[in-house]
Structure formats: structure tokens, C-alpha cells
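Peer 1: Handing you a structure now.
Values in this text are rule-based calculations from the coordinates and carry no lab data. Model, not experiment: these values are computed from the prediction. Here the Cβ positions follow ideal geometry from the backbone for every residue, glycine too, while neighbour counts run over all protein chains shown.
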């Protein structure tokens, strides 16, 4: 079973991924794979240079801060996303005996990939809290208002999600406890699907 794990910037999906991994759940970090292929794969860099303006590169590395508009970033994802999904499928086959695998990707909803997942877990954190984190972590380097303004609507993500970590209903439980519950639910769900 394919389970998507996503969240907005600084919403906690990296922490959730770490907890799932510690519990032995196979997690494919598509965000990390994306970073790798756009900066380390010569074939991908050539393809990107051929299809996008050269001003997206500093030296030989893509500078993600140069993507001023969402459609520029979408063009980049259009070029590499097939290879990300192909790598995830290979990962799933390698972990075929697991109840489920997790596809951790920050752009699941933005790219419509929720349609191909059995379930999607969304890590939610209120905008004002994330804005405070951003200003503390990157006081001089990041335009927090622009990032938050350009984000996919959090309310839509909440509605599209099957499971949510950090929403108002579950906030009284720790993230770890929420994930233990989700793991149990996902295993039962997988078994019910295989016996149906």
C-alpha cells in the first residue's frame, strides 16, 4: 500500500518521517531524492539546463531561490518527477513484504499525487507558528510572507488528507503517539484490503 506523507514548510513532516523510520516503516524521501537529482545527476542537470533558463544555476548547482514564480518550479518538477516516481516504485518493490511504504514529498497535493496514494498523511502546523520558526531560523535570508502567500492552501490540504498530524483534534497527543496510532490503523487497513 502506498501512503503519502506531506506537509507545508516547517510543518513537521521530516520529524514524522524519522519516527516512522524508527518504527521500521520503509520511507522513501522524495524531497531528498529531488535535491540529489537536480544537483548531483549530470543527466538531469543537462536536461534542466536545456529546458530552463541558465539563471537558475549558480556555478553548477540549481539555486532554488531563483524560482520567483510557482510555475517556474512546476516546470522543474515536470522535468524530474517521472524519475522520482520511478525510483519510488523500485523502492516499493524492494519493500514488497512491508504492510505499506511511505512516499514523503512536500508537493503531493500541489502535483495531484494524492490521487495515486492509498492514504495521505498531512503534517499540519498553523501558519503563525511556522512564520515564527522561519524568522528565528532564517532572520535575514527568507521572505516568510512570500513563502506563506505562495503556499497551497492549508485548509484544502486538511480536507484532502486521510490522516492529519498536528490538527486541533489530535494536538493533545504527542506526534509520536499519533504516529503509533496511524501505523496500527494503516496495518489494519492494509490487511482489510488484502482480505476483501
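Peer 1: Evaluate E = 1/(1 + (r/R0)^6) for residue 98 and residue 35, where r is the Cβ-Cβ distance and R0 equals 22 Å; express this FRET efficiency to the nearest 0.05.
Peer 2: After rounding, the FRET efficiency stands at 0.35.
Peer 1: Can you compute the modelled spin-label distance between residue 83 and residue 192, with each label point 7 Å from Cα toward Cβ, in nm?
Peer 2: A separation of 4.0 nm, rounded to one decimal place.
Peer 1: While we're on this one: Under a point spin-label approximation (7 Å from Cα along Cα-to-Cβ), what is the residue 126-residue 22 distance to one decimal in nm?
Peer 2: Those two pseudo-labels are separated by 2.6 nm.
Peer 1: Which order do the peptides 176-183, 3-10 come out in when sorted by mean C-beta neighbours inside 10 angstrom, highest first?
Peer 2: Highest mean packing first, the order is 3-10, 176-183.
Peer 1: Cβ neighbours within 10 Å, averaged per peptide: list 153-163, 41-51 in order, most packed at the top.
Peer 2: 153-163, 41-51
Peer 1: Next question, about the same structure. Using 0.36 nm per residue, how much length does the chain from residue 153 to residue 176 gain when fully extended, once their Cα-Cα distance is taken away?
Peer 2: This chain segment gains 5.7 nm when fully extended.
Peer 1: Right, something else. If you rank 11, 174 by fewest surrounding Cβ atoms within 10 Å, what's the result?
Peer 2: With the fewest neighbours first, 11, 174 line up as 174, 11.
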